[in-house]
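So the structure is just underneath, and the comments pick up after that.
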Amino acid sequence: MQATTDQTCVIIGASHAGINCAFALRKEGWEGTIIIYDKDPEFPYHRPPLSKAYLTSEAGTEHSLLFPKENYAEDNIQLKLGVSVLSIHAEKQIITLSDGSEQPYHKLVLATGARPFIPPIEGMATAKNVFPMRTAADANNIRQAFSTAPKKRVLIIGGGYIGLETAASLKKLGAEVSVLERESRVLARVTTPEMSAFFTKLHEQNGVNILTDKTVTKITPLPEGNLVHCSDNSQYEADVIVVGVGISVNTELAQSANLILENGIKVSASCQTSNPNIYAIGDCTFHYNIHYQTNIRLESVQNAVDQAKVAAKAICGQPEVIYDSIPWFWSDQFDVKLQIVGLSAGYNNLVIRNEETENSFSMWYFKDEELLAVDAVNFAKAYMLGTRFIKAKQRIDKIKLADTSIPFKPNSFI
């Protein structure tokens, strides 16, 4: 690679993608300046635990840092926290900061992620104790509001993974929890009816009230808490409301740089945007997945970290760098760990394999004979074997896979 001693790489966003990219740049030989900007004042921390263990703990983010603080000094990575970037002047290769100052760059990495989508519900802006769940500040605010709530009534708007994880965590703290989902089932956008039914039953068994086909139309204040109105004329009282109905991708800075946008920031296989000096990584990117032969945008730690490494290699001049990872995700709810590998979109055949242990099973998604994805509930073996099969495009005997009398071993289903 060419010498970078006198060059500056600026990274916007200090979550998993941005931070991993900074350290990967050093590993790949970037000798110049690295500066990371983020409006979140907290030292960079793991985000996934926020709706899980963090919500039920007083430990704070100090116990879940992405990297130890001393590592930043050792690798000479500058952190500029609590600072917003207002715009990018791509021709001059300069960013403008919230304090009015400017920072030039040679290479720029956008790890801007996404923000919670807050639906335009009447009364939302003036309701008491209404919070999204995206940052440590959000989790702290929810925990604080819940701890002082007189009746511990929590209403969660949205039955996706964030909503259900938050419901499980708050239930463990003794909350009276109801989940209002607009669709006819929870997790409707991301999984099968069978998996939706499983998680509905899990939550109901643990005392969470799951209510589907509920569109919230209005929130009015009460002497204590709020009254939430739905389109079917039902009403629910709540001391704390958590909104988890989806996200909006942060593309405003990319737009100011005149980058091509399509369901996020469109990037090449090496995470390069339409501007050769600007790269984008993580939740904000719309990228091509070689394995599934389609463009996708993923909200996952795996995607953020893997793209960070690819971008770092490309910035440091490594030839023919391409992103070819198989997506994976996970969710923790009560005593259940769900591990997902692959993308099930387009499946036309589903094999469910139940194990002897209660709440231990796996769902295998096929398009004709090709294995697309595996959902493993409390069964890490299925997740690991599914990953191996998907990467190898291994053909599987579906009859044997469904037969639980056959031992769960790699060669059993081939």
Residues (β-branched (Val, Ile, Thr) and touching a His at 6+ places or on another chain (Cβ under 6 Å)) located in the stretch 206-234:
Ile210, Thr217
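Please go through the stretch 127-162 and pick out each residue that is hydroxyl-bearing (Ser, Thr, Tyr) and either closer than 27 Å to Arg185 by Cα or in contact with a Pro (Cβ under 7 Å, 6 or more places away or on another chain) (or both). Spell out how you get there, then give the answer.
We begin by selecting, within the stretch 127-162, every residue hydroxyl-bearing (Ser, Thr, Tyr); these are 135, 147-148, 161.
Residues satisfying the conditions are Thr135, Tyr161.
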Complete set of residues in the stretch 191-222 that are open to solvent by 30 Å² or more (accessible area, probe 1.4 Å) and touching a Phe, Trp or Tyr at 6+ places or on another chain (Cβ under 7 Å):
Asn206
Need pairs with beta-carbon distance below 6 Å; first residue farther than 23 Å from Asn20 by Cα and within the stretch 75-94, second hydrophobic (A, V, I, L, M, F, W, C) and surrounded by 18 or more Cβ atoms within 10 Å (Cβ to Cβ); sequence gap 6+ or separate chains.
Ala90/Ala257
Considering residues of the stretch 276-287 that are open to solvent by 10 Å² or more (accessible area, probe 1.4 Å) and under 18 Å from the mean Cα position of the chain (by Cα) only, the residue nearest to Leu371 (Cα to Cα):
Phe286
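Take the stretch 13-68 and flag every residue that is among the small types (Gly, Ala, Ser) and closer than 25 Å to Leu173 by Cα. Walk me through it before giving the result.
Taking the stretch 13-68 and keeping what is among the small types (Gly, Ala, Ser), we get 13-15, 17-18, 22, 24, 29, 32, 51, 53, 57, 59-60, 64.
If the condition is that a residue be among the small types (Gly, Ala, Ser) and closer than 25 Å to Leu173 by Cα, then Ser51, Ala53, Ser57, Ala59, Gly60, Ser64 are the ones that fit.
Out of the stretch 333-354, which residues are of a type in the set (D, E, K, R) and either in contact with a Gly (Cβ under 7 Å, 6 or more places away or on another chain) or open to solvent by 50 Å² or more (accessible area, probe 1.4 Å) (or both)? Break it down into steps so the answer makes sense when it comes.
Going through the stretch 333-354, the residues of a type in the set (D, E, K, R) turn out to be 335, 337, 353.
If the condition is that a residue be of a type in the set (D, E, K, R) and either in contact with a Gly (Cβ under 7 Å, 6 or more places away or on another chain) or open to solvent by 50 Å² or more (accessible area, probe 1.4 Å) (or both), then Asp335, Lys337 are the ones that fit.
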Please return the ranges of strands (runs of 3 or more DSSP E) entirely within the stretch 93-139 where 2 or more residues are touching a Phe, Trp or Tyr at 6+ places or on another chain (Cβ under 9 Å) and modelled with pLDDT of 95 or more.
94-97, 107-110
Give the residues of the stretch 133-156 that are surrounded by 21 or more Cβ atoms within 10 Å (Cβ to Cβ) and either in contact with a Gly (Cβ under 7 Å, 6 or more places away or on another chain) or small (Gly, Ala, Ser) (or both), sorted by residue number.
Met133, Ala139, Ile156
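So that you can scan it fast, the table gives a plain yes or no per residue for (1) surrounded by 23 or more Cβ atoms within 10 Å (Cβ to Cβ); (2) outside any loop (DSSP other than H, G, I, E, B); (3) of a type outside the set (Phe, Trp, Tyr); (4) more than 19 Å from the chain's Cα centre (by Cα):
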{"residue": "Thr4", "(1), (2), (3), (4)": "no, no, yes, yes"}
{"residue": "Ile19", "(1), (2), (3), (4)": "yes, yes, yes, no"}
{"residue": "Phe23", "(1), (2), (3), (4)": "no, yes, no, yes"}
{"residue": "Lys27", "(1), (2), (3), (4)": "no, yes, yes, yes"}
{"residue": "Glu31", "(1), (2), (3), (4)": "no, no, yes, yes"}
{"residue": "Pro41", "(1), (2), (3), (4)": "no, no, yes, yes"}
{"residue": "Glu58", "(1), (2), (3), (4)": "no, no, yes, yes"}
{"residue": "His63", "(1), (2), (3), (4)": "no, yes, yes, yes"}
{"residue": "Asn71", "(1), (2), (3), (4)": "no, yes, yes, yes"}
Flag for Tyr383 being in contact with a Leu (Cβ under 8 Å, 6 or more places away or on another chain) and over 30 Å from Thr5 (Cα atoms)
no
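Restricting to the stretch 373-408, count the residues that are on the phi > 0 side of the Ramachandran plot and open to solvent by less than 70 Å² (accessible area, probe 1.4 Å).
Step one: of the stretch 373-408, the residues on the phi > 0 side of the Ramachandran plot are 378, 393.
Next cut, open to solvent by less than 70 Å² (accessible area, probe 1.4 Å) only: 378.
Qualifying residue count, the stretch 373-408: 1.
I'd like to check which strands (runs of 3 or more DSSP E) are fully inside the stretch 149-267 and have at least 1 residues that are free of Cβ contacts under 8 Å to residues at least 24 places away in the same chain. Before the answer, list the steps.
Details: elements: 153-157, 176-180, 209-211, 216-221, 226-230, 235-238, 240-243, 247-249.
So the answer is 226-230, 235-238.
Taking the criterion of being open to solvent by 20 Å² or more (accessible area, probe 1.4 Å), among the charged types (D, E, K, R) and either out of contact with any His (no Cβ under 6 Å at 6 or more places or on another chain) or modelled with pLDDT under 95 (or both), would at least one residue in the stretch 259-268 satisfy it?
Here is the first cut: in the stretch 259-268, the ones open to solvent by 20 Å² or more (accessible area, probe 1.4 Å) are 260-263, 266, 268.
Subset that is among the charged types (D, E, K, R): 262, 266.
In the following step, the residues that additionally are either out of contact with any His (no Cβ under 6 Å at 6 or more places or on another chain) or modelled with pLDDT under 95 (or both) were identified as 262, 266.
Yes, the conditions are met somewhere in the stretch 259-268.
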Which of the residues belonging to the stretch 221-235 are within 24 Å of Asn140 (Cα to Cα) and modelled with pLDDT of 95 or more?
Asn226, Leu227, Val228
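Using the structure shown, decide if Ser87 is more than 18 Å from the chain's Cα centre (by Cα), at pLDDT 95 or above and either on the phi < 0 side of the Ramachandran plot or open to solvent by 60 Å² or more (accessible area, probe 1.4 Å) (or both).
Values: more than 18 Å from the chain's Cα centre (by Cα): yes; at pLDDT 95 or above: yes; either on the phi < 0 side of the Ramachandran plot or open to solvent by 60 Å² or more (accessible area, probe 1.4 Å) (or both): yes.
Spelling it out, Ser87 is indeed more than 18 Å from the chain's Cα centre (by Cα), at pLDDT 95 or above and either on the phi < 0 side of the Ramachandran plot or open to solvent by 60 Å² or more (accessible area, probe 1.4 Å) (or both).
The values are calculated or read from the model by the stated rules, or taken from the named source; none is laboratory data. Note that the structure is predicted; figures quoted are calculated from it, not measured. Ideal geometry is used to build each Cβ from the backbone, glycine not excepted, and the neighbour counts take in all protein chains shown. Each accessible area value is taken on the protein alone, full model and side chains, heavy atoms only, with ligands, DNA and RNA left out. Shrake-Rupley method; radii C 1.70, N 1.55, O 1.52, S 1.80 Å.
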